[in-house]
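Engineer: One structure, pasted below without further comment.
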Amino acid sequence: MEDQLSDLRLAVTEALEASRTASQVYDGEGRLCWVSEQMLQLAGADPSTEIGYGSRIAEGLELPLWASMLSPEARRELREDLEKRFTDGPDMAPIWVSPVELNLAKRRRPVGMLGVTVRASDGTVAGTALVFAPLLPARVLALVSEGDEAMFTRMADLTEPRRRPAAVVFADIDSSGPLSRLLPTPAYFELIRRFTTAFDDLVACHGGIVGKHAGDGASAFFLAADADHHPAESDAASAALAVALAFPPAVRGIVADLAEDGIGIAEADCRVNLGVHWGANLYIGQIVTGGRLEVTALGDEVNECARIEQVATGGQTLVSKTALERLEAGAADRLGIDPMTLTYRMLADLTEIDRKALRDAGSLAVVDLAALTDR
């Protein structure tokens with residue numbers, strides 16, 4: 001009989017693991033026997049963390065790992081609820097939902113706890129599965145699911161802000177003010193929607209993280225020392241430059257599609273200006289409020305990159321010397337760039353009127369890659 005109960009629990013844990021939910025499974029005696037990888041990631045567990053396998057509910061919930069996630073009141077309510085279900089048996093509903101508040105990333109977050117009692121064919125309790133899920137309507141969850149999962153995962157990894165090296169990209173539409181006045185508002189909105197979508201898709205494809213969007217402006221960060229995407233500084237710089245080189249053609253394609261739909265816009269009306277820079281020690285982390293989830297970076301180099309992009313005109317792609325010199329030879333060759341043939345100019349030589357650029361980044365050496373490529 002015990003083998004049958006064990007097989008039932010195994011089937012449940014395999015299904016929950018495949019669902020990628022934050023979940024736990026207790027055996028029929030109320031001992032913790034399995035915790036999903038997602039649950040452990042939420043709790044901030046590492047290989048040395050005491051999880052409490054084999055512990056009964058009352059004992060296990062007091063371990064530091066779970067005590068840090070649940071308030072004393074929440075632990076008491078959960079303990080009483082689960083113990084009652086283990087002792088009262090068939091009189092209790094096999095499926096139930098309870099609201100729970102979890103302490104995650106120093107914030108209290110309401111979630112729904114779905115409990116399922118697993119029974120053998122003779123009614124013997126094989127175990128209890130707990131699944132923790134956000135208390136959000138299905139239509140809101142569907143909206144969130146439209147985002148790029150890998151991007152969201154990278155954003156989730158930045159719960160704790162700290163200093164990180166990264167490449168930075170800023171982009172916007174040249175002369176967007178006049179363009180917005182010439183086009184019907186719905187048409188201009190469609191242009192910006194496609195512009196933003198194309199930028200975000202390229203950033204996601206190259207392992208970056210989208211930063212703030214403001215009007216027709218967009219930004220992104222490509223973190224170095226990222227084992228999954230950019231283990232070396234050259235990888236991060238290469239990814240940023242790949243996006244900067246691929247984005248103008250993407251925008252030209254957007255303009256051509258809109259023109260085919262009858263919107264009065266031509267390629268010359270919608271050139272994209274870009275700035276690319278390197279930040280050796282940016283302070284990067286999440287900003288989570290009731291209305292947004294985003295990653296932001298602070299540091300002098302972020303401001304400098306913004307100034308580089310502000311100076312760019314007529315579809316220029318201005319890249320700083322510090323960003324280009326992060327490239328290893330193989331990475332530069334794949335991008336079609338020969339660093340030995342580049343001639344840089346001081347940003348101050350490219351503008352006489354942008355006082356902020358002159359003040360913050362006038363001494364930076366930059367080169368216009370758009371003038372050196374056929375893209």
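Engineer: Would you check if there is a residue in the range 141-153 being acidic (Asp, Glu), farther than 30 Å from Phe195 by Cβ and at pLDDT below 85?
Structural biologist: Among the residues of the range 141-153, not one is acidic (Asp, Glu), farther than 30 Å from Phe195 by Cβ and at pLDDT below 85, which makes the answer no.
Engineer: Of a type outside the set (Lys, Arg), touching a residue at least 12 places away in the same chain (Cβ under 8 Å), more than 30 Å from Asp261 (Cα to Cα) and surrounded by fewer than 19 Cβ atoms within 10 Å (Cβ to Cβ): is that true of Pro231 in this structure?
Structural biologist: no
Engineer: Further question: Here are Phe189, Phe199: which of them is touching a Phe, Trp or Tyr at 6+ places or on another chain (Cβ under 9 Å), in a helix (DSSP H, G or I) and of a type in the set (Phe, Trp, Tyr)?
Structural biologist: Phe199
Engineer: Let me ask something else about it. I'd like the residue in the range 34-51 that is farther than 23 Å from Gly112 by Cβ and at pLDDT below 85 and, out of all such residues, is surrounded by the most Cβ atoms within 10 Å (Cβ to Cβ).
Structural biologist: The qualifying residue surrounded by the most Cβ atoms within 10 Å (Cβ to Cβ) is Asp46.
Engineer: Would you check if there is a residue in the range 188-206 being surrounded by fewer than 16 Cβ atoms within 10 Å (Cβ to Cβ), over 21 Å from the mean Cα position of the chain (by Cα) and assigned by TED's automatic domain parsing to the domain that holds Ala259?
Structural biologist: Within the range 188-206, one or more residues are surrounded by fewer than 16 Cβ atoms within 10 Å (Cβ to Cβ), over 21 Å from the mean Cα position of the chain (by Cα) and assigned by TED's automatic domain parsing to the domain that holds Ala259.
Engineer: May I pose another question? With at pLDDT below 85, surrounded by 12 or more Cβ atoms within 10 Å (Cβ to Cβ) and either basic (Lys, Arg) or farther than 16 Å from Ala43 by Cα (or both) as the only criterion, which of Gly89, Gly127 stands out?
Structural biologist: After applying the criteria, what remains is Gly89.
Engineer: Do you know which residues across the range 52-86 are more than 20 Å from Ser6 (Cα to Cα), at pLDDT 85 or above and either touching a Phe, Trp or Tyr at 6+ places or on another chain (Cβ under 9 Å) or in the same structural domain as Gln286 (by TED's automatic domain parsing) (or both)?
Structural biologist: Once the filter is applied, which keeps residues that are more than 20 Å from Ser6 (Cα to Cα), at pLDDT 85 or above and either touching a Phe, Trp or Tyr at 6+ places or on another chain (Cβ under 9 Å) or in the same structural domain as Gln286 (by TED's automatic domain parsing) (or both), the range 52-86 yields Gly60, Arg75.
The values are calculated or read from the model by the stated rules, or taken from the named source; none is laboratory data. All values reported here derive from a predicted model rather than from experimental measurement. All Cβ positions, glycine included, derive from the backbone under ideal geometry; neighbour counts span all protein chains shown.
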